[in-house]
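Trainee: The structure under discussion is supplied below as structure tokens; questions concerning it will follow.
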Amino acid sequence: MRFGSWEYLVEVQRRTNSDEKYRELAKEEHDTYTLVLEPEPAKGVQEKIVVGFRVDGGQISEIWEGERPTDFTLSGPYGVWVDILVGRLGANAAFVMRKLKIRGNFLKLLKGADSTQRWLEILRTIPTEFEGVYARDNLPGREA
Amino acid sequence: MLAAVFRGAGRIELAELPDPVPGAGEVLLRVKACGICGSDVGAYKTGMYEPGIVIGHEIVAEVMEVGPEVEGWAPGDRVTVNGVIPCGRCSFCRHGRSSLCEEVLMPGVNVNGGMATHMKAPAKGLHRLPDSVDDHAGCLVDPLSNVLHGVRRSRFRPGDRALVLGGGPIGLLTVQCLKLAGARAVYLSEPSPTRRRAGEFAGADAVFDPLAENLYLRIDELTGGEGVDFVFECAGVPATLREAPMLVRKGGQVVVLGICEEPVESDFMTVVLNEVEILGSYCGPEEYPAAITYLARGQVNAGAIISHVIPLEELVPKGFEALAAPAPEPVKVVVEMPAR
């Protein structure tokens with residue numbers, strides 16, 4: 001599945017919502033998110049990808065493509081998202097090192113480190129194809 | 001005299017009161033028009049004024065009579081009354097910070113104001129209005145002075161970019177003042193479509209609907225990712241106050257002009273990590289002369305702000321009730337007084 005595509009989002013929602021551990025870790029979270037994957041034409045990533053989702057008590061209750069006002073907006077170059085997803089860069093490190101531009105309650109985001117970590121583990125199980133030079137990092141995935 | 005008397009939350013009554021008699025250093029005024037301020041609406045919602053006070057501090061009036069020991073004023077002079085009349089003696093006044101005066105008189109807040117056919121006022125609080133500032137525009141001197149005070153207190157310089165949160169009269173005047181001050185771009189965020197249109201009319205370079213658009217992304221797009229140097233918070237509600245420090249660029253300044261009557265939970269981690277400055281600004285008694293000059297020269301467009309003119313008799317239904325609605329249709333309501 002192409003990283004950031006609608007098909008990918010649907011799979012993210014399905015796998016997240018069937019994960020007991022994530023549900024427990026994120027049971028207090030009720031927030032909306034916008035994720036912006038900025039293009040890197042020099043590296044073969046031509047288009048900006050903007051997706052969003054709503055977390056309600058450990059479940060992703062809604063997903064969408066495009067912009068909406070949300071509690072958190074996280075934006076950064078496509079490659080940084082790839083680094084986070086494949087585990088080369090920790091999510092909290094990306095936040096603190098400003099690899100990602102964070103808009104929203106920063107402390108609240110950092111406090112959700114455990115659920116974020118579990119969520120990334122879930123995402124790594126999805127067979128994922130990256131754009132441009134990042135195709136070298138494609139994830140084979142496995143059934144959750 | 002006929003006057004609008006504050007009786008408590010949700011209660012403003014028109015009442016016949018004895019005509020005021022000017023004492024030493026005071027004048028008697030025949031009020032021609034008075035604007036409804038956002039703080040008046042706040043008091044109407046929450047009850048924060050003293051019961052029994054005659055409201056109104058955005059006043060245009062004519063001098064009827066001068067009391068003893070008054071010099072420089074005569075019947076027929078057309079004036080506005082400063083919304084903050086400082087004592088001139090306390091340490092704040094002596095250091096040029098009269099908006100922080102410890103013995104301040106505030107017409108319509110702690111002494112009787114101008115939402116009435118007549119009022120008395122200390123002569124030292126009067127400012128002469130030129131003919132080029134009509135009775136309606138004259139009601140904007142007070143809010144414009146508040147805005148000028150805030151802009152002057154800020155680090156704003158020509159070429160800076162700013163985001164204004166809230167398209168009420170203070171927000172719209174802020175847009176105009178920042179443009180006058182040489183802003184590279186001024187953006188306005190406002191949920192009401194009517195007020196967004198007023199924002200365009202006031203000269204905003206772009207207007208956003210915060211309920212439908214992601215402000216962060218819009219600003220990134222318009223500024224090439226640099227962000228805005230200033231956020232002027234003019235809505236006075238928790239949501240905008242909470243978001244303001246996150247909307248300004250690193251090292252930027254948030255100027256708070258809106259008065260919020262509720263506590264606000266905020267993300268001070270972002271304030272620290274991004275070295276964001278937060279600056280409060282209150283009133284602007286020393287900026288009255290400049291505000292009058294801007295209006296007299298037509299540099300501030302009163303027509304973009306004043307949306308409704310109503311008679312005193314309709315003060316509550318068409319003024320306060322309309323402005324206290326969740327998504328108010330009017331922007332600035334000016335009340336005309338009956339001639340007596």
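Trainee: Would you be so kind as to identify all helices of chain B, as entire DSSP H runs, whose Cα atoms reach 15 Å or more along the helix's own axis and whose mean Kyte-Doolittle hydropathy is at least -0.5?
Mentor: Helices meeting the criterion: B:141-153, B:169-180.
Trainee: Let me ask something additional. With the cut-off at 26 Å, tell me which of the pairs A:LYS21/A:LYS108; A:LYS111/B:LYS250; A:LYS21/A:LYS43 have Cα atoms farther apart than that.
Mentor: Going by Cα-Cα distance, A:LYS21/A:LYS43 fall outside the 26 Å limit.
Trainee: Over 29 Å apart: what share of the alpha carbon pairs of chain A falls there, rounded to a whole percent?
Mentor: Values: 747 of 10296 pairs.
The share of Cα pairs beyond 29 Å in chain A comes to 7 percent.
Trainee: Tell me, what HN-Hα J-couplings in whole Hz come from the Karplus equation 6.51 cos²θ - 1.76 cosθ + 1.60 at θ = phi - 60° for each residue of segment B:271-286, using x for Gly and Pro?
Mentor: Listing the rounded values in order: 4, 6, 4, 9, 6, 8, 9, 10, 10, x, 9, 10, 6, x, x, 7 Hz.
Trainee: Suppose all protein chains stay in the model; what accessible area per residue would a 1.4 Å probe give for segment A:1-54, in Å²?
Mentor: 52 Å²
Trainee: Between rounded, prolate and oblate, where does segment B:13-68 land on the alpha carbon gyration tensor, with a ≥ b ≥ c its root eigenvalues, rounded for a/c under 1.5, else prolate if a/b exceeds b/c?
Mentor: Cα axes put segment B:13-68 in the prolate bin.
Trainee: Oh, and also: Which positions within segment A:106-126 get 50 Å² or more of their accessible surface covered by the other protein chains, compared to the chain by itself, with a 1.4 angstrom probe?
Mentor: At a threshold of 50 Å² (probe 1.4 Å), the residues of segment A:106-126 that become less exposed are A:PHE106.
Trainee: Convex hull over the alpha-carbon atoms of the protein assembly as shown: what's its volume per residue in Å³?
Mentor: So the per-residue Cα hull volume is 146 Å³.
Trainee: Heavy atoms only, 1.4 Å probe, whole protein assembly: order A:ASP83, B:ASP134 by accessible area, highest first. Show your work: numbers first, answer last.
Mentor: Working: A:ASP83 45, B:ASP134 85 Å².
These residues rank, largest area first, as B:ASP134, A:ASP83.
Trainee: Given a 1.4 Å probe, show me the residues in segment B:179-228 buried by at least 30 Å² of accessible surface when comparing the whole protein assembly to the chain alone.
Mentor: Residues of segment B:179-228 that lose at least 30 Å² of accessible area once the other chains are added: B:ASN214, B:TYR216, B:LEU217, B:ASP220.
Trainee: Please give the total accessible area that chains A and B bury against each other, computed with a 1.4 Å probe and expressed in Å² to the nearest 100.
Mentor: Buried area (both sides, nearest 100 Å²): 1400 Å².
Trainee: Keeping all protein chains in position, work out how much accessible area B:LYS120 exposes to a 1.4 Å probe, and write it in Å² to the nearest 10.
Mentor: Counting only protein heavy atoms, B:LYS120 exposes about 90 Å² to solvent.
Trainee: Could you report the accessible area of A:VAL36 in Å², rounded to 10, computed with a 1.4 Å probe on the protein chains as they sit in the structure?
Mentor: Spelled out: A:VAL36, probe radius 1.4 Å, area about 0 Å².
Trainee: Computed on alpha carbon atoms, what radius of gyration and Dmax characterise segment B:275-315, expressed in Å?
Mentor: Rg and Dmax of segment B:275-315, Cα atoms, are 15.7, 50 Å.
Trainee: Would you mind computing the Rg to Rh ratio of segment B:35-168 from its alpha-carbon coordinates, Kirkwood style for Rh?
Mentor: Rounded to two decimals, Rg over Rh is 0.99.
Trainee: Which whole-number value in Å³ per residue fits the convex hull of the alpha carbons of segment A:85-136?
Mentor: On the way: hull volume 5.0 nm³, N = 52.
In segment A:85-136, the Cα convex hull volume per residue is 96 Å³.
Trainee: Over the Cα atoms of chain B, Rg to Rh with Kirkwood Rh, two decimal places?
Mentor: Details: Rg = 19.8 Å, Rh = 20.3 Å.
Answer for chain B: 0.97.
Trainee: Moving on. What is segment B:159-272 by shape, rounded, prolate or oblate, if you read a ≥ b ≥ c off the alpha carbon gyration tensor as root eigenvalues and call it rounded for a/c under 1.5, prolate for a/b larger than b/c, and oblate otherwise?
Mentor: Judged from the Cα gyration tensor, segment B:159-272 comes out rounded (a/c under 1.5).
Trainee: I'd like to check one number: the per residue accessible area of chain B, probe 1.4 Å, reported in Å² as a whole number.
Mentor: Per-residue accessible area for chain B comes out at 40 Å².
Trainee: Roughly speaking, to the nearest percent, how much of the protein assembly as shown's 1.4 Å accessible area is carbon and sulfur?
Mentor: Answer for the protein assembly as shown: carbon and sulfur cover 51 percent of the accessible area.
Trainee: Hey, got the average number of other protein chain Cβ atoms within 10 angstrom for residues in A:4-11?
Mentor: 0
Trainee: I'd like the mean, over residues of B:269-275, of how many other protein chain beta carbons sit within 10 Å of each residue's own Cβ.
Mentor: 3
The values are calculated or read from the model by the stated rules, or taken from the named source; none is laboratory data. All values derive from a computational prediction rather than experimental measurement. Methodologically, a virtual Cβ is constructed for each residue, glycine included, from the backbone with ideal geometry; neighbour enumeration extends over all protein chains shown. Ligands, DNA and RNA are stripped out before the accessible areas are found, and what is left, the full protein with its side chains, is counted by its heavy atoms. Shrake-Rupley method; radii C 1.70, N 1.55, O 1.52, S 1.80 Å.
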